[in-house]
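Undergrad: This is the structure I have questions about; it appears just below.
The values are calculated or read from the model by the stated rules, or taken from the named source; none is laboratory data. Worth saying up front: this structure is predicted, and the values here are computed from it rather than measured. Positions of Cβ are generated from backbone atoms using ideal geometry, with glycine treated the same way; all protein chains shown enter the neighbour counts. These accessible areas exclude ligands, DNA and RNA; they are computed on the full protein's heavy atoms, side chains included. Shrake-Rupley method; radii C 1.70, N 1.55, O 1.52, S 1.80 Å.
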Amino acid sequence: MKHNFRKIEGKWQKKWENAGIFKAVDGSDKPKFYGLVEFPYPSGAGMHVGHIKAYSSLEVISRKRRMEGYNVLFPIGFDAFGLPTENYAIKTGTHPRVITDENIAKFTNQLKKVGFSFDWDRVIDTTDEDYYKWTQWIFLKLFEHGLVFRSKALVNYCPSCKVVLSNEDSQGGKCDICHSDVVQKSKDVWYLRITEYADKLLEGLEHVDYPANVKQQQVNWIGKSTGAFVNFTLEGLNEQMEIYTTRPDTLFGVTFMVIAPEHPLIDKYADRIKNMDAIEAYRSECAKKTEFERTQLVKDKTGVKIDGIEAVNPITGNKIPVFIADYVMMGYGTGAIMGVPAHDQRDYEFAKKFGADIIEVIKGGDISVEAYSGDGEMVNSGFLNGYTNKKESIARMLEEIEKMGIGHAGVQFKMKDWAFNRQRYWGEPIPIIHCEDCGVVPVPYEELPLRLPKVENFEPGAEGESPLAKIESFVNCTCPKCGKKARRETDTMPQWAGSSWYFLRYIDPHNDQALADPEKLKYWMPVDWYNGGMEHVTRHVIYSRFWHHFLYDIGVVNTPEPYAKRSIQGLILGPDGDKMSKSKGNVVDPLDIVEDYGADTLRTYVLFMGDYSAATPWNDNSVKGCKRFLERVSGFTDMISEDKETRKLETAFHKTIKKVSSDLEEMKFNTAIAALMTLTNDIYGLGKVSKEQVQTFAKLLCPIAPHVCEEIWEVTGGEGFLSLQPWPQYDESKTVDAQTEIGVQINGKLRGTVVIPTNAEKEEVFAIARADARIASLTEGKTFVKEIYVPGRVVNFVVK
RNA sequence: GCAGGAGUGGCGGAAUGGCAGACGCAUCAGACUCAAAAUCUGACGAGGGUGACCUUGUGUGGGUUCAAGUCCCAUCUCCUGCACCA
């Protein structure tokens with residue numbers, strides 16, 4: 001059969017769609033499989049080959065599951081709120097709705113051309129008001145349960161995009177969207193109390209199947225540490241200053257204190273501070289730096305001693321100086337630390353520069369050179385002297401400070417609460433009303449969805465105000481509580497909102513009574529397997545886990561964790577080995593590949609190009625190699641023979657079924673395809689193949705290259721869709737050949753090979769190996785010290 | 001600095017402690033062709049030998065083992081994430 005991909009791909013895509021064979025069935029008796037891929041942001045540029053690779057893994061698994069008899073939910077949708085669309089709207093004067101619809105149509109067309117087996121009846125769009133109604137509903141639930149709060153704070157602000165960014169969106173001090181420098185700005189910010197769920201997010205990781213590095217990254221991000229809060233008294237003032245430390249055992253070594261430049265204590269006691277000028281100068285200098293710059297200046301410690309305030313070490317009673325320095329952050333712990341220069345390198349550097357005492361309390365290092373943070377015997381530490389075990393010293397100290405009433409054990413998280421508002425148009429309106437008398441009032445549930453008003457101008461207002469602030473008809477409203485005139489919140493939610501629960505909506509996408517029917521949620525959840533990118537591990541995945549834990553706590557969903565298993569795809573790099581980017585001109589358009597080589601070739605190539613989870617450069621010639629392979633496969637139909645000789649292929653087939661079945665489960669797509677290529681070479685080597693064998697081959701390749709395989713199935717007289725045929729089974733006993741070639745080593749060096757009966761006993765194998773002419777001549781006159789046989793692999797003779 | 005991962009032909013990459021380089025690409029030679037493309041056959045880590053073969057070879061240096069790409073110790077390089085987190 002000639003492989004005319006142009007003709008057959010369109011044909012089968014139409015047939016699949018008309019027959020609706022990829023639709024998930026609600027209320028089925030079959031076991032369920034919920035495969036999820038990260039839904040795309042429908043940008044104007046259209047799809048990227050990276051999307052194809054990202055979706056291909058679960059596309060293959062989902063197709064295999066259907067053949068294995070599962071009821072499969074494999075949905076797709078669009079995460080369509082976001083800045084690029086809004087910026088394009090500003091530039092062209094086109095409404096974001098229009099742009100979004102166009103882009104979604106484009107993506108849909110592209111996805112269909114690749115032949116993905118998505119259930120197209122369940123497509124969702126986060127910008128659809130019937131969808132964001134429920135995003136707002138979840139927000140109100142969070143509000144109701146005290147997990148939403150408003151605070152004036154220094155925030156990461158992008159002057160170019162004119163929006164507030166979360167820490168996650170401004171990693172490295174750069175705006176995640178436009179890559180300009182982020183500055184600190186004081187603003188009213190809506191926060192979601194994700195820190196309330198820090199422990200649950202940490203604990204939940206123990207019950208899910210995520211790759212180790214993904215778990216580790218989330219653990220680091222949550223950043224739990226255990227330690228103690230200790231109060232230091234300020235000399236002559238009726239004031240306690242609380243610090244957080246992970247090393248309460250070193251309390252005897254505290255020789256100074258440092259507080260963050262923004263610490264409120266400074267303003268409170270401004271009249272007592274003698275060098276307020278110097279302090280103010282230092283503070284304004286710090287304010288100019290971005291947080292990123294502050295954290296980068298690792299080497300040179302800066303700071304100013306507060307003249308006029310002294311603290312008391314509560315455990316020794318010694319008076320110690322207090323400094324301000326920007327190596328202490330207001331945002332972590334209490335914004336104040338105890339300085340233990342002998343056992344903390346940062347404190348050591350600070351003490352050296354500012355002349356503070358250095359008292360050794362743990363033996364083992366050389367504190368004339370650097371701080372010592374290892375273990376050792378406690379000295380100069382009163383009741384702790386002689387302790388050698390860190391855990392015990394900490395426990396003993398905690399006991400003491402609690403008895404003295406000066407502190408207590410505690411935990412801290414690096415994770416911060418989630419800044420949840422953006423001053424933008426193209427996002428979900430935050431359903432909140434500001435009333436002069438009642439304060440912050442939630443929009444009543446029955447008024448949802450709170451729709452985005454029609455606007456002509458999408459430019460953000462002065463000072464980065466939301467474009468919605470300019471729409472009087474939107475802003476002006478009445479307070480639901482007291483009925484007086486009130487104003488609506490004009491900020492919208494961040495892009496991460498809609499994607500934090502979308503997998504629940506796929507389960508029941510058209511429900512107007514609930515975000516999804518509880519019975520259906522019970523059947524389909526959790527997501528069995530979720531594939532996506534590494535870049536979402538500390539944002540989307542954490543956020544959605546947070547929302548899902550919350551929904552579990554209020555009884556909306558039946559599992560605490562949304563994703564039972566997570567996998568990661570590696571990047572596709574440009575042919576030059578660099579990350580694909582428009583500016584480098586190394587971007588490959590997947591539709592070009594579909595046009596030139598066919599969807600099956602594209603699908604096969606992205607899975608064959610290398611280790612699925614590793615970054616691999618694109619290679620046009622290898623694409624051609626995959627096309628050649630598929631052409632050879634379609635050529636099988638011209639080689640069909642019922643000759644008994646085709647039985648010679650039996651073992652090869654059973655081996656291949658076994659290997660492909662297990663490799664696909666382990667996402668080793670490259671070796672699964674390699675096994676099919678090897679089998680293809682075997683078939684061509686024999687020159688004939690039975691009809692049944694061709695059909696088995698087609699089934700194995702079907703999840704990867706479904707169009708050509710359906711065609712082979714039809715041409716060879718198969719009935720119905722190949723995509724719905726049962727997955728091939730292998731017989732373990734038939735996966736081994738009657739004879740095996742094994743290597744023969746002498747003193748660990750390969751000296752030849754012999755053919756043995758596969759089930760031969762050890763002694764028989766040794767006899768055959770010794771009888772081999774070459775081995776015999778090499779061992780002549782030598783003494784056999786040891787003989788080793790690894791079944792089916794190798795023989796090793798140790799001789800002297 | 002901390003955590004995780006990776007270093008294998010010209011390239012992408014395979015190898016439950018057991019014949020290193022599967023499979024694919026590129027390259028070379030041959031067949032077919034007037035010719036080219038396509039296709040088919042063969043060769044293809046390095047060094048040596050007319051040859052059967054020999055030596056050597058998985059970042060580097062040690063070690064364990066009958067046997068090491070794989071395990072252990074040390075070391076270098078690269079990637080990813082976090083990072084003055086008290």
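Undergrad: Put a dot 7 Å past each Cα toward the Cβ at A:Ser151 and A:Lys582; how far apart are the dots in nm?
TA: Here the modelled spin labels are 3.8 nm apart.
Undergrad: Let me ask something additional. Efficiency by 1/(1 + (r/R0)^6): what FRET value for A:Lys565 and A:Glu399, r their Cβ-Cβ distance, R0 = 56 Å, to the nearest 0.05?
TA: The formula returns an efficiency of 0.80 here.
Undergrad: Pairs of Cα atoms under 8 Å, at least six residues apart: use those to get the relative contact order of chain A, whole percent.
TA: 15 percent.
Undergrad: Return one number: the angle in degrees, 0 to 90 and rounded to the nearest 10, between the long axis of the Cα atoms of helix A:276-288 and the longest principal axis of the Cα atoms of chain A.
TA: Relative to chain A, helix A:276-288 is tipped by roughly 20 degrees.
Undergrad: Another question, then. Can you list residues from other chains, or at least 5 along the same chain, whose modelled amide H is less than 5 Å from the amide H of A:Gly339?
TA: A:Thr255, A:Phe256, A:Met257, A:Val258
Undergrad: Give the residues of segment A:758-780 whose amide nitrogen is closer than 11 Å to a point set 7 Å from the Cα of A:Thr651 in the direction of its Cβ.
TA: Correct set: A:758-759.
Undergrad: Each label point is 7 Å from the Cα along the Cα-to-Cβ direction; what then is the distance between the points at A:Glu196 and A:Lys390, in nm?
TA: 3.4
Undergrad: By DSSP, what percent of the beta bridges with both residues in chain A are antiparallel, rounded to the nearest 5?
TA: Given both bridge residues lie in chain A, the antiparallel proportion sits at roughly 75 percent.
Undergrad: Quick one: length gained pulling A:Asn18 to A:Ala278 fully straight, 0.36 nm per residue minus the C-alpha distance?
TA: Stretched out fully, the A:Asn18 to A:Ala278 stretch lengthens by 85.9 nm.
Undergrad: Looking at A:Tyr563, A:Ala599, A:Gly585, which one has the Cα that reaches farthest to the positive end of the dipole of segment A:551-625 (charges on Cβ: Lys, Arg +1; Asp, Glu -1)?
TA: Looking along the dipole axis, the top candidate is A:Tyr563.
Undergrad: Let me ask something else about it. Using a 1.4 Å probe on the protein chains only, how many percent of the accessible area of segment A:517-606 belongs to carbon and sulfur?
TA: 51
Undergrad: Apply the Karplus curve 6.51 cos²θ - 1.76 cosθ + 1.60, θ = phi - 60°, to the phi angles in segment A:333-342 and return the couplings in whole Hz, x for Gly and Pro.
TA: x, 10, x, 9, 10, 9, x, 10, x, 5
Undergrad: Once the piece of chain linking A:Asn457 and A:Thr92 is laid out straight, how much longer is it, given 0.36 nm per residue of separation minus the C-alpha distance between them?
TA: Gain on stretching A:Asn457 to A:Thr92: 130.3 nm.
Undergrad: Subtracting the Cα-Cα distance from 0.36 nm times the residue separation, let me have the gained length for A:Asn558 to A:Glu719 in nm, one decimal.
TA: 53.9 nm
Undergrad: At 7 Å along the Cα-to-beta-carbon direction for both A:Asp643 and A:Asn476, put a label point, then send me their distance in nm to one decimal.
TA: Placing both labels 7 Å beyond Cα along the Cβ direction yields 9.0 nm.
Undergrad: Here's a follow-up. Based on the mean of other Cβ atoms within 10 Å per residue, sort peptides A:5-17, A:487-499, A:701-713, A:736-748 so the most packed one is first.
TA: Per-residue mean Cβ counts within 10 Å order the peptides as A:701-713, A:487-499, A:5-17, A:736-748.
Undergrad: Something else: Please give the charge dipole size of chain A, origin at the Cα centre, charges +1 on K and R Cβ atoms and -1 on D and E Cβ atoms. Round to the nearest 20 debye.
TA: 1520
Undergrad: Here is a further query. Please give me the summed charge of the neighbours of A:Asn586: other residues whose Cβ is under 14 Å from its Cβ, Lys and Arg +1, Asp and Glu -1.
TA: Result for the local shell: -2.
Undergrad: Here are some pairs, A:Lys32/A:Lys565; A:Lys53/A:Lys522; A:Lys215/A:Lys391; A:Lys224/A:Lys305; A:Lys624/A:Lys688; A:Lys655/A:Lys699; which of them have Cα atoms lying more than 20 Å apart in this structure?
TA: Violating the 20 Å Cα-Cα cut-off are A:Lys53/A:Lys522; A:Lys215/A:Lys391; A:Lys224/A:Lys305; A:Lys624/A:Lys688.
Undergrad: Report, to the nearest 10°, how far helix A:212-222 tilts away from the longest principal axis of the Cα atoms in chain A, using its own Cα long axis and a range of 0 to 90°.
TA: Rounded to the nearest ten degrees, it is 10.
Undergrad: For chain A, treating each Cα as an identical point scatterer without solvent, what Debye log10 I(q)/I(0) comes out at q = 0.05, 0.07, 0.10 1/Å?
TA: -0.40, -0.72, -1.12
Undergrad: Let me check I've understood the local charge: for A:Arg247, count other residues with C-beta under 9 angstrom from its C-beta, Lys and Arg +1, Asp and Glu -1. What total comes out?
TA: Counting the neighbours of A:Arg247, the net charge comes to -1.
Undergrad: Between A:Met330 and A:Glu310, what is the FRET efficiency for a Förster distance of 25 Å, r being their Cβ-Cβ separation, to the nearest 0.05?
TA: It comes to 0.70.
Undergrad: Where Lys and Arg each count +1 and Asp and Glu each count -1, what net charge lies around A:Asp79 among other residues with Cβ under 11 Å from its Cβ?
TA: Here the charged neighbours net out to -2.
Undergrad: Additional query: What residues from segment A:655-682 fall in the zone where the backbone N is under 19 Å from a label point 7 Å along the Cα-to-C-beta line of A:Glu692?
TA: Inside the label zone: A:655-658.
Undergrad: Using the Karplus equation 6.51 cos²θ - 1.76 cosθ + 1.60 (θ = phi - 60°), what ³J(HN,Hα) coupling, rounded to whole Hz, does each residue of segment A:110-127 give in order, writing x for Gly and Pro?
TA: 5, 4, 5, 5, 8, x, 5, 8, 5, 8, 6, 7, 10, 4, 10, 9, 5, 8
Undergrad: Further question: Mind listing the long-range amide H neighbours of A:Leu573? Cut-off is under 5 Å, sequence gap 5 or more, other chains count too, H placed in the peptide plane at 1.01 Å from N.
TA: So A:Leu573 has HN proximity to A:Thr616, A:Trp618.
Undergrad: With just the Cα atoms defining each centre, how far is segment A:498-572 from segment A:590-625? Give it in Å.
TA: 30
Undergrad: Separate question: Using the Karplus curve 6.51 cos²θ - 1.76 cosθ + 1.60 with θ = phi - 60°, work out ³J(HN,Hα) for each residue of segment A:766-771 in order, rounded to whole Hz, and write x for Gly and Pro.
TA: Each residue's phi maps through the Karplus curve to give 4, 4, 4, 5, 5, 6 Hz.
Undergrad: So who's got an amide H within less than 5 Å of the one on A:Gly752, skipping anything under 5 residues away but keeping other chains? H placed 1.01 Å off N, in plane.
TA: So A:Gly752 has HN proximity to A:Val744.
Undergrad: Okay, moving on. Taking the 0 to 90 degree range and rounding to the nearest ten, how far is the long axis of helix A:390-404 tilted relative to the main principal axis of chain A, both from C-alpha atoms?
TA: 30
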